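Below is one structure; the comments refer to it alone.
The values are calculated or read from the model by the stated rules, or taken from the named source; none is laboratory data. Computed from a prediction, not measured in an experiment: that's the story for all the values here. Here the Cβ positions follow ideal geometry from the backbone for every residue, glycine too, while neighbour counts run over all protein chains shown. What goes into the accessible areas is simple: the full protein's heavy atoms, side chains included, and nothing from ligands, DNA or RNA. Shrake-Rupley method; radii C 1.70, N 1.55, O 1.52, S 1.80 Å.
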Amino acid sequence: MKSSILGAFLASVCVLAPTLAGCSNGCGKGGSSTDAGEKPRVVVSIFPVYDLVRRVAGPDADVLLLLPPGRNEHSFDPTPRDVETTAKAKVGVMVGLGLDPWMEKLMKEAAPKARLLKVGDRVPTLPIKDDPVGASGHAHDDDHDDDHDHDGHDHDHDHDKGALDPHVWLDPQRAQLIVRAITEELGRADPAHVLGYRERATALDASLAALDKEAEARTKALTKRGFITFHGSFQYFAERYKFDILAVIEPFPGSQPSGDYITKVLDVVKKKNATVLFSEPQLDPRPAAVIAAEAKIPVGILDPVGGGPETDTYEKLIRFDVAALEKHLK
């Protein structure tokens with residue numbers, strides 16, 4: 001999204017519709033204002049966080065999702081309609097940690113006075129592993145200054161060495177902390193309805209606690225504990241439920257594994273008796289299929305974002321992923 005395009009669009013919004021929030025007090029200066037009696041608008045970057053926000057908000061706020069289900073959260077480019085939607089927002093909720101930088105740019109330019117919550121800053125985080133074969137857990141080697149690390153990855157991505165893994169929502173216990181942060185932020189933005197936000201958050205917290213216990217019991221019953229993922233989304237899930245991610249084909253979004261790295265992954269498949277490689281609905285399935293065919297293992301689906309018919313609540317998303325693991329790791 002080019003700044004010049006965004007600026008031109010905001011200017012046109014003010015000319016054509018001067019009553020839009022964000023233009024009533026001067027274009028680009030008052031994006032968080034609302035009319036008297038109007039529900040506060042909250043915009044959210046990705047579906048799983050959106051589901052938590054809308055359930056805390058209930059009838060007291062107008063909550064809108066920006067990233068369409070099925071789209072890649074790392075590389076989304078907001079449309080002019082998203083700009084218009086965001087210009088009326090009083091609160092923006094995003095993950096941060098390098099996952100959705102497009103959201104922060106959008107908020108700063110379309111609704112600079114709106115409150116912005118980065119939920120990734122409100123939970124314990126883990127670093128993205130520098131050696132994603134064998135789950136070594138080594139931190140990034142800051143002495144490497146070339147464009148290729150020692151694993152043979154081309155680093156064509158937005159993450160710096162030592163970056164934190166942004167997929168924090170895939171642990172229900174961290175999701176409970178996210179709900180608390182959402183509740184606090186909505187209460188600050190809309191004090192008149194703070195009790196309603198807190199009541200709904202308490203109910204949601206109980207649902208997430210029950211979900212966590214269910215997922216723990218179901219995953220604990222699985223005899224196989226290791227699997228391979230194409231993209232590095234499931235580290236928090238694996239940590240919570242004591243799985244071993246044996247290898248990650250694409251630990252950083254957009255990184256291209258070298259031939260040597262793929263050879264290492266194939267070697268892990270043999271040594272660890274890996275039985276499945278998981279891809280994601282938001283990714284092109286062909287690279288994962290090629291590698292899985294070479295390794296002679298099936299391709300499964302783990303969904304980190306959801307939003308489809310089978311994953312249209314946070315709880316359904318986690319259960320979808322637990323069921324995928326049950327299918328392949330029994």
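Yes or no: the range 75-83 includes at least one residue that is part of a loop (DSSP other than H, G, I, E, B), open to solvent by less than 50 Å² (accessible area, probe 1.4 Å) and of a type outside the set (Ser, Thr, Tyr).
yes
Checking the conditions here, which among Phe47, Phe76 is in contact (Cβ under 8 Å) with a residue 40 or more places away in the chain and closer than 20 Å to Leu317 by Cβ?
Testing whether each residue is in contact (Cβ under 8 Å) with a residue 40 or more places away in the chain and closer than 20 Å to Leu317 by Cβ leaves just Phe47.
Which of the residues belonging to the range 55-74 are surrounded by 19 or more Cβ atoms within 10 Å (Cβ to Cβ), touching a strand residue (DSSP E or B) at 6+ places or on another chain (Cβ under 8 Å) and more than 16 Å from Glu104 (Cα to Cα)?
Ala57, Ala61, Val63 - these are the residues of the range 55-74 that are surrounded by 19 or more Cβ atoms within 10 Å (Cβ to Cβ), touching a strand residue (DSSP E or B) at 6+ places or on another chain (Cβ under 8 Å) and more than 16 Å from Glu104 (Cα to Cα).
Rundown of residues vs (1) in contact (Cβ under 8 Å) with a residue 40 or more places away in the chain; (2) outside any helix (DSSP H, G or I); (3) closer than 16 Å to Lys327 by Cα, yes/no style:
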{"position": "Leu246", "(1), (2), (3)": "yes, yes, no"}
{"position": "Tyr261", "(1), (2), (3)": "yes, no, no"}
{"position": "Lys264", "(1), (2), (3)": "yes, no, no"}
{"position": "Asp284", "(1), (2), (3)": "no, yes, no"}
{"position": "Val305", "(1), (2), (3)": "yes, yes, no"}
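Return the only residue of Ser258, Ser279 being touching an Asp or Glu at 6+ places or on another chain (Cβ under 8 Å) and of a type in the set (Ser, Thr, Tyr).
Ser258
Within the bounds of the range 279-288, is there any residue that is open to solvent by 60 Å² or more (accessible area, probe 1.4 Å), of a type outside the set (D, E, K, R), within 19 Å of Leu99 (Cβ to Cβ) and in contact with a strand residue (DSSP E or B) (Cβ under 7 Å, 6 or more places away or on another chain)?
yes
So the check is Cβ under 6 Å with 6+ separation or different chains; which pairs have a first residue in the range 88-100 that's within 21 Å of Thr183 (Cβ to Cβ) and a second one that's of a type in the set (Lys, Arg) and open to solvent by 10 Å² or more (accessible area, probe 1.4 Å)?
Every condition considered, the pairs that remain are Ala89/Arg41; Lys90/Arg41; Val91/Arg115; Met94/Lys118; Gly96/Lys118.
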